[in-house]
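The values are calculated or read from the model by the stated rules, or taken from the named source; none is laboratory data. These figures come from a predicted structure and were not determined experimentally. Every residue, glycine as well, gets a Cβ built from its backbone with ideal geometry; the counts of neighbours run over all protein chains shown. What goes into the accessible areas is simple: the full protein's heavy atoms, side chains included, and nothing from ligands, DNA or RNA. Shrake-Rupley method; radii C 1.70, N 1.55, O 1.52, S 1.80 Å.
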Amino acid sequence: MNSDKDVLFNDVLFSVKNNKSYLISLIGAGGKTSTLFWLAQRFSQQGLSVLITTTTHMFLPEASQAHTIIEKEYWHTLVGLKETSPCASKIVALFTEYNAATHKVSGITTEQADMLQAAQLFDVILVEADGAHQRLLKTPAGHEPCIPQSSRCVIALTGGLVINNPADPEQIHRWPIFADLCDIKAGDRLNISVFERFIAHPDGMFKGSPPQALRVWFINRLYQIDNALLGLLTALLDARPELDTIWIGAVQESPPITHQLCQSHTTQRN
């Protein structure tokens, strides 16, 4: 994430230089938690302090990933941490409850996330703002996603294995909503035109995103990429000016982002 074309990273650095926290919400399906921890590490390596939390539920971080706080009275805990130990280059994870049976933690409300953003205690706040039951594609229900309104960026994930393959209801969380919204049936090919409809619909991929937020579509674990597909994605980006960037890659591989499309410009990482 060091190229001049890294829209998100440059926006974060600009914000931090102006002493403003930067809140990023991750939604969708197919790798949100892995992406969250990858971003946390990248920002921390640049000397930025990072807070991880969720407005839904997520798996408990490992000790190597973050210093975890599970505390009902989260505010006083964080203020105390800031006063006694500077947070620069640290990754702190904040939750309110832990369920040992599921190994998952509960997070804070969207309003509390907005309060943390306003408090300016951390350079970057990363929020897992959606759940997908381990599926590859997610359509939000009426109460979803849970995006803080102070989000400066919203990253929507899609599992790359569904791209250009037949629609499988077993891989799509809230399949009936997706089928109705995109006007498809089981077995129809999930080509780029389907995703354009999904992105364009107000109740689709970026539902609930603040109007001022950057919008990034991350197609995760997409390994088969050719010029034809890149051309279709570039055309989609040009057709949807509200979409700022498309990432293509596999977050657990190196490099995690192999292609980045930014309004008709493509960067390939080697």
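Obtain the nm distance between the two label points defined at ARG189 and ASP203 by a simple spin-label model: each point lies 7 Å from its Cα along the Cα-to-C-beta direction.
It is 2.8 nm.
Can you give the FRET efficiency for ILE70 and THR102, using 1/(1 + (r/R0)^6), R0 = 25 Å, r = Cβ-Cβ distance, to the nearest 0.05?
0.95
Which of LYS17/LYS90; LYS20/LYS207; LYS20/LYS104 have a Cα-Cα distance over 22 Å?
Correct reply: LYS20/LYS207; LYS20/LYS104.
Among [x] -0.48, -1.60; [y] -0.54, -1.33; [z] -0.48, -1.39, find the value of log10 I(q)/I(0) by the Debye sum over Cα atoms at q = 0.10, 0.17 Å⁻¹ that was calculated from the structure presented, and write down its label.
Computed from these coordinates, log10 I(q)/I(0) by the Debye sum over Cα atoms at q = 0.10, 0.17 Å⁻¹ corresponds to label [z].
What is the helix-to-structure angle for 7-17, meaning the angle in degrees between its Cα long axis and the longest Cα principal axis of the chain, kept from 0 to 90 and rounded to the nearest 10?
Compared with the principal axis, the helix lies near 20 degrees.
Write down the Å³ per residue value for the convex hull defined by the alpha carbon atoms of region 1-65.
Taking only Cα atoms, region 1-65 has a hull volume of 106 Å³ per residue.
Using amide H atoms built 1.01 Å from N in the peptide plane, name the residues 5+ places from ALA29, or on other chains, whose amide H lies under 5 Å from its own.
Sorted by chain and number, the residues that satisfy this are LYS138, LEU157, THR158, GLY159.
Would you mind telling me which residue in ASP123, ASP180, ASP238 has the biggest mean-square fluctuation in a Gaussian network model of the chain, where springs connect alpha carbons within a distance under 10 angstrom?
Judging by the Gaussian network model, the answer is ASP180.
Between exposed GluC sites (Glu not before Pro) in the chain, where DSSP calls loop and at most 12 other Cβ atoms lie within 10 Å, what's the longest gap?
Result, exposed sites excluded: 74-241.
Compute the long axis of helix 227-239 from its Cα atoms, compare it with the longest principal axis of the Cα atoms of the chain, and write down the angle in degrees, 0 to 90, nearest 10.
70 degrees
Normalised by the residues of the chain, what does the relative contact order come to in percent, with Cα pairs under 8 Å and at least six apart?
20 percent
Express the accessible area of the chain per residue in Å², computed with a 1.4 Å probe while the remaining protein chains stay in the model.
44 Å²
Most mobile of ASP183, ASP168, ASP226 per a Gaussian network model of the chain (Cα springs, under 10 Å)?
ASP226
Solvent-accessible area of ARG152, probe 1.4 Å, all protein chains present, reported in Å² to the nearest ten, please.
Roll a 1.4 Å probe over it and ARG152 shows about 70 Å².
Suppose every Lys and Arg Cβ carries +1 and every Asp and Glu Cβ carries -1, with no other charges. What dipole size does the chain come out with about its Cα centre, to the nearest 20 debye?
Roughly 260 debye, rounded to the nearest 20.
Could you state the angle between the C-alpha long axis of helix 32-45 and the longest principal axis of the C-alpha atoms of the chain, as a value from 0 to 90 degrees rounded to the nearest 10?
50 degrees
In debye, nearest 20: dipole of region 113-270 around its Cα centre with unit charges on the Cβ of K, R (+) and D, E (-)?
120 debye
Return the sequence-ordered ³J(HN,Hα) values of region 189-203 in whole Hz as given by the Karplus equation 6.51 cos²θ - 1.76 cosθ + 1.60 applied to θ = phi - 60°, using x for Gly and Pro.
6, 8, 7, 5, 5, 5, 6, 4, 4, 5, 6, 6, 6, x, 9
Rounding to the nearest 20 debye, state how big the charge dipole of region 184-270 is about its Cα centre with +1 on each Lys and Arg Cβ and -1 on each Asp and Glu Cβ.
So the magnitude is around 160 debye.
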